[in-house]
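Quick notes on the structure that follows.
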Amino acid sequence: MNVTGFMQLYVFMLAAFVGYQIITRVPPLLHTPLMSATNAISAISLVGSLVAAGSDRGTVSTVLGFVAVTAATINMVGGFVITDRMLKMFRREVTPARETPTIAPNAAEAVKAATPKVAEDAKASGAP
């Protein structure tokens, strides 16, 4: 391995360590906004993987670019789905307004039909 390879490995290991330290110290309240930002970064990596897949540098480059496009797409879509589910947990449910009770259309007819019977019952009981 040459000097460039060692520097690339060093940067990768440093980025992994710093990333782990930052992610483990994120409070739950900030998790959703950070996930949205991570989804935007995944979209940028999707563009980069499309460029890698589209460049005609050989079969291996095209296959690795295709794998990168697939992985970045799954990561991005899954991140948006999870973020949407998390945001739904914080939404308030809308309670419908109370409906006022209405009289059925046949209620007036029922009252009219019952009125003669009430009058007959009153006469039979001797009420004035």
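Every number in this text was worked out from the coordinates using simple rules, so none of it is lab data. Every value quoted in this text rests on a predicted model; they were computed, and no experiment measured them. Cβ coordinates were reconstructed from backbone atoms using ideal geometry, including for glycine residues, and neighbour counts include every protein chain displayed.
Things worth noting here:
- In nm, spacing of pseudo-spin labels at residue 17 and residue 77 (7 Å Cα→C-beta vector): 3.7 nm
- Three-way shape label, segment 1-90, alpha-carbon gyration tensor, a/c 1.5: oblate
- Per-residue Cβ neighbour rank within 10 angstrom, fewest leading, 49, 36: 36, 49
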